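Engineer: The structure is given below, and queries will be raised subsequently.
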Amino acid sequence: MNGRFSIAMHIMTLLCADDKLLSSDYMAGSINVNPVLVRKELSNLIKHNLITSRLGKNGGYTLAKPAKDITLASIYATVKPGTILGQAKNKPNPACPIGKQINRHLKDLDEEIEKAMIAKLGDTDLASFCKKFA
């Protein structure tokens, strides 16, 4: 899995913890990543209606709805990778009894893991997660 979920969670937690509009530069400093990466995730979170922005000198970003109405699963959905376990670039030998079936079974396993993970993330809202930092 890539680091996009970690960045999105950090952004959302910062916005949950502070009622003020926050700048992308401030968030990048907290996450300790290039502001371009933060702006990319901010754009993605706006597209999924989890945050809003205000332009201008006193602008910044804020949550689009109360933190109690945002599940961690909804944040994950904004950055969901193609597969949890990854996917090999090679094509296994179809003449091999393992090779001809491996991708199907790995896909099934990946779907089972993702289903369990989404269920767990769906049980936690952003407000509850944010309380860990108080």
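Engineer: Restricting attention to segment 86-125, report how many residues are under 30 Å from L15 (Cα atoms) and in contact with a helix residue (DSSP H, G or I) (Cβ under 9 Å, 6 or more places away or on another chain).
Structural biologist: 9
Engineer: Let me ask another. Would you pick out the residues in segment 1-37 that are under 14 Å from the mean Cα position of the chain (by Cα), of a type in the set (A, V, I, L, M) and over 23 Å from S128 (Cα atoms)?
Structural biologist: M1, L37
Here, each number is a calculation from the coordinates, and none is a lab measurement. Source: prediction; values computed, not measured. Cβ: placed from backbone, ideal geometry, glycine included. Neighbour counts: every protein chain shown.
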